[in-house]
Amino acid sequence: MIGAALPGAEGLSKSFSDVGCPSQWTSCLQHTRGELIGVYRRVMVVASLADGEAHELEPFGELSAGISGERSLESSMEPFAAPAAPPAPTAPPAPPAPSNRAPVPITLVNSGIADVGETRLMQIECGFVRGFAGMQMIGNTSEVCRDGKERARAALESLAIHIPARRLVVSLTPADIKKDGSQFDLPIAVSLALLLTGQTPRINPSRWLFAAELGLCGELRPVRGIVSFFVAAMAAGLEGLVVASENLAELQVLTDLCRSGLPHGSPPPRAQGFPALGAVLQWIFEGQGTGIGMIHKFDFASSGRSGIASSNTSSKTSQRSGTPESPLELRESRIATEPFTPFALGVNFDDMILQPALALTAMVAAAGMHSLLLRGCPGTGKSMLAARLTSILPNLSRSDHIEAMRIYSAAVQRLPSALLAGRPPYRAPHHLASATALLGSPESPGELALAHGGVLFLDELPEFRRDVLEALREPLESGEVNVARSRRKLTWRSRVILIAACNNCPCGWAGSPHRDCICASGRLLGYRQRLSGPLLERVDLHFNVPESVAPIAELFISLGADKEDSQTLRMARKVAAARVAAESRNEKYGVVLNRDLPAVHLVEATGLTPKSFIEIVNTYIPKSASRRVVMRCLRVARTLADLEGSTTLRGEDVAQAWRWQSASAAAERGDDLSGLR
Ligand SMILES: [Zn+2]
């Protein structure tokens, strides 16, 4: 008996009409001369057969198989159209009756996935299927991503768009890629709105990329990765992007950069920023530029908790007039055309008393992007100098600007205004930072990548973990960080000026004219050993920051004496001129910066004849110096000559460059006496 094989079915005995059994089932059951004994889990009909003949069970075998899953009564009915009477025991099961419903409506909307290395466009589809009521999201989604359907539901409810009690499936494709992030909220909501309203949009949503997080009242919030989405949309030839108003600024800068450079040869995508979902839907259904009016089916503006009623002040006019505001059209960028003024862009050297040697070192580091190690007592201005170095750097080049924005956008929701203006970034990670925090992961950039185009400052260098410093060595040389996790691999750009700082001893006062060092010789030795290693051997400039011996009061007076001419501007102009000279000369060698000058072109780049080159090198660089040290010394000397406006390398440039080398700096400190370099 079938009933015996189904737990819980025994003892149930009801008539066909008790359980609302459809008529075609009744004929089927009657044919088998069975007795209906009940309904199991709403849908499972069980019969107890009078004669127990096995061949009589065939139709029920199919019946049981068809309804044993979690299917609704409604969905289980159609496969069981009335069988031909009497059915042969071996007759094949009747084919499912064709559905008389309209085709399941599907709506398609684009979004992006935040993966800086390889941003791919995602398609979001939604449609009704048969089954229990509810909304299901499929497509390898993370929890953050799945929560988006509830935010989308709430945002739509706030606009009086109600989701019916039917089975709704939201599918994110391609299905094999892990989807993470809240940028899918808006495309899910737009897709649902298109499905539920049934209206024909004035714009084609599949030609636009939507990316924003939704609040429960429909407000649009910024998301990470917008710059990558822009690049992906441009590569795919999409018409534009729809984002939260807060993300519009970076798209504005990007559009300007692409218009002037146009790396892909096609017009850049347009950008539309909106404060709320209601405004997005109005734009979709009303078309661009209308901005005023109601969608005839759904009154977005007058619904109780209108998504248009954003909390920002710019929408107040719209609330008063009862109509949503027009989308924020992309305008020509004002930021990029502003002249460079160091005072408007944060800290600069004007509040610092720079000794000429320190100022020259800073300018060489800035002009050639040479790495710099500052050693000295506490309070000598090592950290101040590092924090101010970006103020004399020229603006980022177009490609570096886009790359830096792209990296930053993967880490933060809103880009810093200085970066939007093209200023180089400054990053100063703590010495307890892990290797992942510094190098990054495939999902998130590290400090090294975030400093791309700018300054990475490592204060208290000996306190950093040795393995972390070792891991930094290769990326600092190549300008790229390769990170891998499980099957994902990614390369972050990381062309930075490394500035490191340390004291001369654990207590900090070794070599100070004011205080005595209290360090035991063992600790001193350990400290200096931590400072040796492959990373420091590759630092271009070693500088011992002297402690000022001038009276404090006089320093303050000299600080305010030269207000007319900013020393920051003077230094920035010299650095910019040196960069231009280096770039125009190095172009034929395939590099931009002097620090990247290839060995084969080094002699030519110095502007010297082979004879005078040999003479200068032999005069100013000791014969014991390694090949790598000589090359580094000559590259630094080339930058120094560029700063002085000289096309050929001079003897004093090479002499100064040698004084900045590790061995010379150690000799100046007296470290060479103990053999510790
Ligand atoms: Zn000490």
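Here are a few things to note about the model shown:
- Per residue, segment 342-669 exposes 45 Å² of solvent-accessible protein surface, assessed with a 1.4 angstrom probe and all protein chains in place.
- From phi via Karplus (6.51, -1.76, 1.60), per-residue ³J(HN,Hα) for segment 501-514 in Hz, x at Gly/Pro: 9, 7, 8, 7, 7, x, 7, x, 9, 5, x, 7, x, 9
- Protein-only accessible surface order, largest first, of Ile138, Ile402 at 1.4 Å: Ile138, Ile402
- Amide H contacts of Leu458 (H built 1.01 Å from N, under 5 Å, at least 5 apart or other chain): Ile499, Ala500, Ala501
- Across segment 216-230, coupling constants 3J(HN,Hα) worked out from phi with the 6.51/-1.76/1.60 Karplus curve, θ = phi - 60°, read 5, 8, x, 6, 8, 10, x, 10, 7, x, 4, 5, 5, 4, 4 Hz, and Gly and Pro carry x.
- Taking amide H atoms as placed 1.01 Å from N in the peptide plane, the amide H of Gly440 lies under 5 Å from those of Gly446, Glu447, each 5 or more residues away in sequence or on another chain.
- Net charge over other residues, Cβ less than 13 angstrom from the Cβ of Pro475 (K, R count +1; D, E count -1): -1
- Highest-first arrangement of 384-395, 605-616, 361-372, 572-583, where packing means the average Cβ count within 10 Å: 361-372, 384-395, 572-583, 605-616
- Mean-position separation - Cα centroids, segment 624-644 and segment 462-537, in angstrom: 22 Å
- Spacing of the two label points (7 Å from each Cα toward its C-beta) at Asp176 and Ser434, in nm: 3.0 nm
- Descending by average beta-carbon neighbour count within 10 Å, the peptides 450-459, 661-670, 233-242 line up as 450-459, 233-242, 661-670, the highest first.
- Our estimate of slack between Ala484 and Ser521, defined as 0.36 nm per intervening residue step minus the Cα-Cα distance, is 9.1 nm.
- Each peptide in 629-636, 188-195 receives the mean, over its residues, of other Cβ atoms within 10 Å, and ordering these scores from highest gives 188-195, 629-636.
- Put simply, the amide H of Met135, placed in the peptide plane, has neighbours under 5 Å in Leu168, leaving out anything fewer than 5 places away on its chain.
The values are calculated or read from the model by the stated rules, or taken from the named source; none is laboratory data. Everything numeric here is computed off the predicted structure, so don't read it as measured data. For neighbour counting, all protein chains shown are included, and Cβ atoms are generated from backbone atoms with ideal geometry for every residue, glycine included. Heads up: the accessible areas ignore ligands, DNA and RNA and are worked out on the full protein's heavy atoms, side chains in. Shrake-Rupley method; radii C 1.70, N 1.55, O 1.52, S 1.80 Å.
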